[in-house]
Each structure stands twice: as structure tokens, then as C-alpha cells.
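Worksheet: the structure to be examined is printed underneath.
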Amino acid sequence: GLIADHVTDIVSYQDGLALATPAGLTFLDAAGARSMYAFQGLVNNHVYALGVSGDELMAGTLGGLSQLEKGNVQVNYTTATPGLKHNWITAVVPVGREWMVGTYGAGVLGLDRSGHFHSFESATGPIEVNPNAMLVTASHVFAGTLGKGLYVYERDSERWFAIEQGLPSANVTALAVANGYLYVGTDNGLVRVEEQGLRP
């Protein structure tokens, strides 16, 4: 069964599911359940967020980021890795040919396919990205923060900007998109905005 009862994230992975828990990862498929934790190479047992791109699975943890391929850890990233400014990874999403990594304390960082982290001018800094509060669309990347509103990345211009005005709260905890609208969940209610109407 599951390595822990508390599930923090779920993604489709290969022919089944990958589940994040505070005790490690569990993979579910037709063959059953298989779990992995630090003993098998995971950077930290407390997994908050998962991101998938093909056979690649990124596991964001309290102690860094693990990159897995076909269910096996290939590399671990921590603050010892140049450019990774915080070990507590709360969100990770594939964006084109790279990853965007949300942290609890250093905002959003980019990670390219060669394993190099880079900062963003306005989205990297003393910012807490809420757990799994990142979303990618064809034209944007969104990041929900604790107390600093919604961060919006325009994929065409490659620029971030922040929005607080019009939100029920500056604590953005959940994001969804449907039919051209972005739904922004906060600790004080929900707001719906036209995605293409978002401007700095």
C-alpha cells in the first residue's frame, strides 16, 4: 500500500501514478504498489510536489529536489548545488525544455536540462510559493504565494509580474484553468479572471 496515509501530490507517471507523501514516494500501477524513500536515494523523505515530463519525474522535498527517470533517482539537487537558493521545494512544473521550481523562501527558480539553476529578476527572492500552487498554460506560468499574491510569467516576453489587487487575499493557495479563465483560490475565497486579461 501507500508508504504514508497523508498524500501531498499525485501525478500520472508512466503506466500508473506517483504519489508524494511525508514518508517518501509510492508508485501505483497494474503490478501493485512500490515505495521509495531516502534509503533508495531520494534527497529527503518529506515530498511536497511532483512534476512529470516524459520519463522524467521531479520530486520536490523539504530537503531539495530529486530527479528520477523510469522510477530511479538520477540526481539530487540541494543548496550545495550552485543556484539553488533554498532546499524546501513546494512546487515543480515543466515549462518548455526546462523546469520551474517553486520554493518556500526563495521564490521561483529555473532549472535547465543540463542541471543548472537560474534566478528570475522579480520572482526569485524572499517569497514563499505555496505547496503545489503552480500552473502552466500555453502562454503563462502562475505561482501562488503566501502573502504576496499571484506571480504571473509571460512565456512570450519571459517576464514575471505580481498581482495582488482584485484578489480576495494575498495568500494564493490553489490554481486552475478552464475555458480561457484562471481560477485563483485563496484563504479568503475564489476569484475568476480572464487569463489573457492579466496585465502588470
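Things to note:
- Cα gyration tensor shape for the range 19-76, rounded if a/c is under 1.5, else prolate or oblate: oblate
- The residues neighbouring LEU167, those whose beta-carbon lies less than 12 Å from its own, together hold a net charge of 0 under the Lys/Arg +1, Asp/Glu -1 convention.
- Anisotropy class of the range 154-197 from Cα gyration tensor, a/c 1.5 cut: oblate
- Every Cα-Cα pair in the range 61-133 was counted, and those over 21 Å apart are 15% of them.
- Here the chain is assigned +1 on the Cβ of each Lys and Arg and -1 on the Cβ of each Asp and Glu. Its dipole about the Cα centre then comes out at about 200 debye.
- Note on the range 157-200 and the range 1-46: Cα centroid distance 30 Å, given to the nearest whole angstrom.
- Charge tally in the Cβ shell below 15 Å around MET58, where Lys, Arg are +1 and Asp, Glu are -1, MET58 excluded: -3
- A viscosity of 1.306 mPa s and a temperature of 10 °C, combined with the Kirkwood radius over C-alpha pairs in the Stokes-Einstein formula, give the range 10-146 a diffusion coefficient of 108 µm²/s.
- Taking Cβ atoms as reference points and 15 Å as the exclusive limit, the residues near GLY102 contribute a net charge of -1, counting Lys and Arg as +1 and Asp and Glu as -1.
- As computed over the range 73-200, the Cα convex hull volume per residue (Å³): 105
- Legend: calculated FRET efficiency, VAL11 to TYR181, from the Cβ-Cβ distance at R0 = 25 Å, rounded to 0.05, equals 0.60.
Bear in mind that the values in this text are calculations on the coordinates, not laboratory data. Given the structure is predicted, the values throughout are model-derived calculations rather than measurements. A quick note on method: Cβ atoms are made from the backbone with ideal geometry, for glycine too, and the neighbour counts reach across all protein chains shown.
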